[in-house]
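Structure first, commentary second.
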Amino acid sequence: MNIYEQIKTILIDNYGVDEDAISPRATFDSLQLDSLDTIEIITDLEDEFEVELDDLEELSDLESLCDKIEELQEEA
């Protein structure tokens, strides 16, 4: 399963996000996730992928989040 699919599964299973709303260009706002949800999701993703996501401003959508995780995994 690729990074995007893993994130999608986490959003659906853990946060009740509608699968049809999820796309690579989706933002946390467009998925109706508040700032607390976002912090919890980032923590879940850090644990899942064993990375540390620091600069959240540059992560504008799920695609940029996937790219950042992939970049961090390659650096490790």
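The values are calculated or read from the model by the stated rules, or taken from the named source; none is laboratory data. Bear in mind that the values here come from a model prediction, so they are computed numbers and not experimental data. Neighbour counts run over all protein chains shown; Cβ positions are idealised from the backbone, glycine included.
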Could we say that GLU63 is modelled with pLDDT of 95 or more, among the acidic types (Asp, Glu) and surrounded by fewer than 17 Cβ atoms within 10 Å (Cβ to Cβ) here?
-> yes
Note: among LEU65, LEU53, LEU31, just one is of a type in the set (A, V, I, L, M), without any contact (Cβ under 8 Å) to a residue 60 or more places away in the chain and assigned to a helix (DSSP H, G or I), namely LEU65
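Just to be sure I understand, how many residues within segment 1-31 are of a type outside the set (Ser, Thr, Tyr) and in contact with a Cys (Cβ under 6 Å, 6 or more places away or on another chain)?
1
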Yes/no for VAL17 being assigned to a loop (DSSP other than H, G, I, E, B) and more than 21 Å from GLN73 (Cβ to Cβ) = yes
For segment 35-51, which residues satisfy the criterion of being more than 11 Å from the chain's Cα centre (by Cα) and modelled with pLDDT of 95 or more?
-> ASP47, GLU50, VAL51
All-but-one check, SER23 against (1) polar (S, T, N, Q); (2) modelled with pLDDT of 95 or more; (3) in a helix (DSSP H, G or I), failing number (3)
Return a yes/no flag: does segment 27-34 have any residue that is of a type outside the set (Asp, Glu), surrounded by 11 or more Cβ atoms within 10 Å (Cβ to Cβ) and under 17 Å from GLU71 (Cα atoms).
-> no
Quick one: GLY16 ticks every box in (1) at pLDDT 95 or above; (2) surrounded by fewer than 16 Cβ atoms within 10 Å (Cβ to Cβ); (3) at negative phi; (4) of a type in the set (Gly, Ala, Ser) except a single one, so which number is it?
-> (3)
Failed criterion for GLU50 (all others in (1) more than 26 Å from ALA76 (Cα to Cα); (2) surrounded by fewer than 16 Cβ atoms within 10 Å (Cβ to Cβ) hold) = (1)
